[in-house]
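As C-alpha cells, the structure follows; a few thoughts come after it.
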Amino acid sequence: MELIYFQTFREVAVRQSFTRAAEELGYAQSSVTMQIQKLEKAYSVKLFERYGRGLRLTSAGDELLKITIQMLDLYQQSKEKLTKQGGGTLSIGTIDSLASYFLPPWIQQIRHQYPDLAIRLQPDREALIVNKVREGEIDMGLILQNKPSDPTLSWMHLREEPLVLIANPNHSLTIHDQIEFEHLNGVEWIMAEDSCNYRIMLEKVLRAEGVSYHIGLELGNPEAIKRCVRVGSGISLLPRMAAEDEIQRGELVVLPFAHPDIRLDLQMIIHPKKWMSHSLLDFIEMLKSSS
C-alpha cells in the first residue's frame, strides 16, 4: 500500500472533510476519495461515516489513525537518520502574527545551524494548530493562548505577549491620558477574524463592561488591519510585535489602555510521544531562550 494513501487518510481525518483535505494536499477530490476507498478495500473496513454535513471516523478508522500517525512519524525518523545530519523537514503550525513577526529570526538561526533543513511553516487558526499537533500532522505549534486547551499535549509557556490598542496619530481618542471604557462607546473597530483569541478576549471584556462598539471592518491579516488603522478607518487590538515597526516610525500610536484580562501567553505545543529530531530539539531550546 502506498505511503501517500496513509498521508491522505490522516489529512481527511484531521480536516473531517474530503474537500478540505483535497485543497490542503493540492489533489482533486476524486483522487482523495479513490485513495480512501483503496484503504477501505485493503482492510475490508469502513473508515469514515457521515453525520449531518460532516465526516467522522469509525472505530476502525480511529484505530488506523493511531497506527498511521506512528507509521508516518517513524518514516520521518528513518528519513532523517538515513540522510546526513541536519537534513529533513521541520513543520511548524502557527498564527499569522507569529509567522510574520516572531519566527523569522529564529528560523534564520536554525537554518544557519542546519543548512539542509527544510522549514515548513503552516499559518492557521489556533484550534486547527492544536488539532494538527494532536494528530501528528506537524512537529510543533506556536500560538497565543493563556490556558492549555488540550491537556494530552505538552504546553511550554515562552513569555507573556503584550497586546496594544492602536490608532492613527490623529484619532480623537489620542487626547486622553488614560482610556476608560466609557471612551470606547461608539468607536469604530477594525477586528481580526472572529476565531482569533485576542479578538474573542477583547469582545468578552467590552461586553462585560457594557461598551457599545461597532465593527466596521473584519480582516484576517495583521498587515491589512494596520493599513486600515493608519488611514483612520478605526482602532484595533494587536500583539505589540505586529505593530512595533509602525509605532516606532510614528505611523501608529498606542492608546493608554490596560485591563488585566486582556493579555495572552506565547505557548509552544508538542505531542508528548513525538519523536524529536536533533533539529527540532535545538529549535525548541532556541525558542525557550526567547522568554
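Annotations for the structure displayed:
Every residue, every condition in (1) in contact with a Ser or Thr (Cβ under 9 Å, 6 or more places away or on another chain); (2) under 30 Å from Asn197 (Cα atoms); (3) not basic (Lys, Arg), yes or no:
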{"position": "Leu3", "(1), (2), (3)": "no, no, yes"}
{"position": "Ala22", "(1), (2), (3)": "yes, yes, yes"}
{"position": "Gln35", "(1), (2), (3)": "yes, no, yes"}
{"position": "Lys38", "(1), (2), (3)": "no, no, no"}
{"position": "Gln77", "(1), (2), (3)": "yes, no, yes"}
{"position": "Thr94", "(1), (2), (3)": "no, yes, yes"}
{"position": "Leu98", "(1), (2), (3)": "no, yes, yes"}
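- Filtering Arg50, Arg20 for residues that are modelled with pLDDT under 90, in a strand (DSSP E or B) and not assigned by the TED database to the domain that holds Tyr114 leaves a single hit, Arg50.
- Count - residues of segment 208-227 that are under 23 Å from Leu144 (Cα atoms) and in contact (Cβ under 8 Å) with a residue 24 or more places away in the chain: 10
- Single condition Tyr75 does not satisfy, out of (1) touching a residue at least 24 places away in the same chain (Cβ under 8 Å); (2) within 23 Å of the chain's Cα centre (by Cα): (2)
- From the options Leu255, Leu238, residue that is under 19 Å from Ile175 (Cβ atoms) and surrounded by 16 or more Cβ atoms within 10 Å (Cβ to Cβ): Leu255
- Filtering Leu55, Leu64, Leu72 for residues that are part of a strand (DSSP E or B), in contact with a helix residue (DSSP H, G or I) (Cβ under 9 Å, 6 or more places away or on another chain) and not acidic (Asp, Glu) leaves a single hit, Leu55.
- Verdict on Ile262 being at pLDDT 95 or above and on the phi < 0 side of the Ramachandran plot: no
- Only residues that are under 30 Å from Thr68 (Cβ atoms) and touching a Phe, Trp or Tyr at 6+ places or on another chain (Cβ under 9 Å) were counted across segment 247-276, and they come to 4.
- Residues of segment 75-102 that turn out to be at pLDDT 85 or above and part of a helix (DSSP H, G or I), as a count: 6
- Taken over segment 49-69, the residue count meeting the criterion of being in contact (Cβ under 8 Å) with a residue 24 or more places away in the chain and surrounded by fewer than 13 Cβ atoms within 10 Å (Cβ to Cβ) is 1.
The values are calculated or read from the model by the stated rules, or taken from the named source; none is laboratory data. Nothing here was measured: the structure is a model prediction, and the numbers come from that model. As a convention, Cβ positions derive from the backbone with ideal geometry for all residues, glycine included, and neighbour counts pool all protein chains shown.
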